[in-house]
Amino acid sequence: MKLASLKGGRDGRLAVVSRDLTRAVEAKAAAPTLQAALDNWHEVEPELRSIARLLEEGHYRDAFAFDPAQLAAPLPRAFQWADGSAYVNHVELVRKARGAEMPPSFWTDPLMYQGGSDVMLGPTDDIEMADEAWGIDFESEVAVVTDDVPMGATRQAAAWHIKLVMLVNDVSLRNLIPNELAKGFGFFHGKPSTAFSPVAVTPDELGAAWDGAKLHLPLRSTLNGELFGAPDAGTDMTFDFPTLIAHAATTRRLSAGTIVGSGTVSNLDRSKGSACIAERRMLETIEQGKPTTPFMKFGDRIRIEMLDSGGRSIFGAIDQKVVRFKPAA
């Protein structure tokens, strides 16, 4: 089952989307928004699956053409957005590029930050920035959405709370982050609004590529029409999604609609390319002594997508342009 949120209202309007991403129908008979559906998932899921089945069979006269430009993020605002850093080889690269040793605990204790979740970007929304000097970067990731997770949930229990999977562009402002981290109080300005794929899908839609904990498919990032990287999301993932969820729930309950991200997808096999500019710059620094790939400029376009084994888009594409922010008059 594939779900989306049409633009309209703060939380969008829930829609069910066909498997081939060509048609959609509003699902207001089951739930007005995706958040409302997640709040009552056990009751609403069967209704949504019935709508999905009837849509596939062509029973809806009011079905309309699927258009990512008409979509908000699946959750236009979320009660929680917690982003991990599950690919520890990526973290190791970051530290190696600046000559810092990585603590051994990073391989056993997940890194995670709590991001801003009040304004999420739709899949084709512009990335508005006031200054190119901020170091504008994309980060291609996979994320899961949970129902209510009790505090202290084990890894095994956490796996049962994964209800949806989607793609992420965790926009980062690389030149603002070092000064923020130096304050010892985490990110804020360096992590602006995050963008998400057109649809969120139930794990069963992923077939054998989903093993209950990881998604084993390449995540493609195309910058200005050229493939930047396609690392496999299931390879070299040190901490899987149930582990990340259990980590987040160590000291708190997680509300339905919590989004947990994987962090930048990264493979030890460098021939697969990178899922963010910063990683490529780190490799250039290690190999050549300095980075040569620039961060994003106004007018640049990033496309993030995942294809199934048959070459079909699973989530639709995040397709965004970087534009200059114009303050309201």
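The values are calculated or read from the model by the stated rules, or taken from the named source; none is laboratory data. Keep in mind that this is a model prediction, so the values were computed, not measured. Cβ placement follows ideal geometry from the backbone for every residue including glycine, while neighbour counts extend to all protein chains displayed. Note: accessible area is taken over every heavy atom of the protein model, side chains too, but ligands, DNA and RNA are not part of it. Shrake-Rupley method; radii C 1.70, N 1.55, O 1.52, S 1.80 Å.
Quick notes
- Scanning residues 5 or more positions from LEU164 or on other chains, those with amide H under 5 Å from its amide H are VAL145, with H placed 1.01 Å from N in the peptide plane.
- What separates the Cα centres of the range 34-71 and the range 127-187 is a distance of 27 Å.
- A straight chain from THR251 to LEU268 at 0.36 nm per residue would run longer than the Cα-Cα distance by 2.9 nm.
- Cβ charges +1 (Lys, Arg) and -1 (Asp, Glu), total dipole of the chain, debye: 500 debye
- Nearest-10 value in Å² for the accessible area of MET237, using the 1.4 Å probe: 10 Å²
- Using θ = phi - 60° in the Karplus curve 6.51 cos²θ - 1.76 cosθ + 1.60, the 3J(HN,Hα) couplings for the range 110-117 round to x, 8, 7, 10, 9, x, x, 10 Hz; x is entered for Gly and Pro.
- Within the accessible area of the range 1-125 (1.4 Å probe), percent carbon and sulfur: 51 percent
- Pairs exceeding a 29 Å alpha-carbon distance, out of LYS7/LYS297; LYS183/LYS290; LYS272/LYS297: none at all.
- Placing +1 on the Cβ of every Lys and Arg and -1 on the Cβ of every Asp and Glu, with nothing else charged, gives the range 123-217 a dipole about its Cα centre of roughly 460 debye.
- Contact order for the chain, expressed relative to its length and based on alpha carbon pairs under 8 Å spaced 6+ residues apart, stands at 23 percent.
- Of the trypsin sites (Lys or Arg not before Pro) found in the range 175-242, those in coil by DSSP whose Cβ has at most 14 other Cβ atoms within 10 Å are LYS183.
- Karplus-derived HN-Hα couplings along the range 142-153 (A = 6.51, B = -1.76, C = 1.60, θ = phi - 60°), whole Hz, x at Gly and Pro: 10, 9, 10, 10, 10, 8, 5, 10, x, 4, x, 4
- Residue (of PRO231, THR258, LEU217) at the positive-pole extreme of the range 206-265, dipole from beta-carbon charges: THR258
- With all protein chains in place and a 1.4 Å probe, the accessible surface of the range 273-329 carries 50 percent carbon and sulfur.
- Average accessible area per residue (Å²) across the range 1-97 - probe 1.4 Å, nucleic acids and ligands excluded: 46 Å²
- For the range 102-238, accessible area per residue (1.4 Å probe, heavy atoms of protein chains only), Å²: 42 Å²
- In the range 53-155, GluC sites (Glu not before Pro) in a DSSP loop with at most 12 other beta-carbon atoms within 10 Å: GLU57, GLU101
- Fully extending the segment from LYS183 to GLU57, taken as 0.36 nm per residue of separation minus the present Cα-Cα distance, adds 39.7 nm.
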